[in-house]
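What follows is one structure encoded as structure tokens, with my remarks underneath.
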Amino acid sequence: MKVLQIKTTHQDKRGSITDIVEQVDFNGATMIESKKGSIRGNHYHKRTIQYIYLLSGKLKAKSKKVDESIVEVFVQPGDLISHDQLEAHCFEAIEDSLFLVLSSGLRTGKDYEKDTYRLNIPLEEFSKADLK
């Protein structure tokens, strides 16, 4: 999981412009609202890369790649995190939260479930065998 704190690109008396991603092709943008205490994810994608930009609230994000340890971070508004292919991930809303998901691959609309592989057990408990 990569985590970036996104900074304002340009600001003047009219307001500001913030580039969230640059030079990335994506085929879907999704807004997700999560109530405090809810958990989302506990899955991975074989062909999709996702970028998650937190607009409001606070999330605890966990991810795991094959043969690597679990990574856990707290995500604040203005943070952009990304998950690569085959990277299992989940989110817990620490506060009511709103985030934007930009997907590069089959992850939106009618293709939503075509590249989603749900974990049989919570992220903290699975092994690399679960990603095969």
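Here are the numbers for the structure shown:
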item: Residue ID - most open to solvent (accessible area, probe 1.4 Å), chosen from residues in the range 1-15 that are modelled with pLDDT of 85 or more and of a type outside the set (D, E, K, R); result: GLN11
item: Among (1) within 22 Å of LEU123 (Cβ to Cβ); (2) free of Cβ contacts under 8 Å to residues at least 60 places away in the same chain - the single one ARG14 does not satisfy; result: (1)
item: The one condition in (1) modelled with pLDDT of 90 or more; (2) in contact with a helix residue (DSSP H, G or I) (Cβ under 9 Å, 6 or more places away or on another chain) that GLU92 fails to fulfil; result: (2)
item: The range 48-74 residues that are farther than 21 Å from GLY28 by Cα, paired with ones that are among the basic types (Lys, Arg) and crowded, with 22+ Cβ neighbours inside 10 Å (beta carbon under 8 Å, 6 or more apart); result: ILE70/LYS64; VAL71/LYS64
item: Scope the range 90-110; condition of a type outside the set (A, V, I, L, M, F, W, C), in contact (Cβ under 8 Å) with a residue 60 or more places away in the chain and either open to solvent by less than 20 Å² (accessible area, probe 1.4 Å) or not in a strand (DSSP E or B) (or both); matching residues; result: ASP96, SER97, SER103, GLY105, ARG107, THR108, GLY109
item: All positions within the range 28-40 that are part of a loop (DSSP other than H, G, I, E, B) and open to solvent by 90 Å² or more (accessible area, probe 1.4 Å); result: LYS35, LYS36
item: Near pairs, Cβ below 7 angstrom, 6+ apart or cross-chain, from the range 115-132 (among the β-branched types (Val, Ile, Thr) and assigned to a loop (DSSP other than H, G, I, E, B)) to any residue that is surrounded by 10 or more Cβ atoms within 10 Å (Cβ to Cβ) and at pLDDT 85 or above; result: THR116/HIS43; THR116/HIS45
item: Any hit, the range 68-80, residues being over 19 Å from VAL3 (Cα atoms) and surrounded by 14 or more Cβ atoms within 10 Å (Cβ to Cβ); result: no
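The values are calculated or read from the model by the stated rules, or taken from the named source; none is laboratory data. As the structure is a prediction and not an experimental result, all values here were calculated from the model. Neighbour counts run over all protein chains shown; Cβ positions are idealised from the backbone, glycine included. For the accessible areas, the whole protein counts, side chains as well, though only heavy atoms, and no ligand, DNA or RNA atoms are used. Shrake-Rupley method; radii C 1.70, N 1.55, O 1.52, S 1.80 Å.
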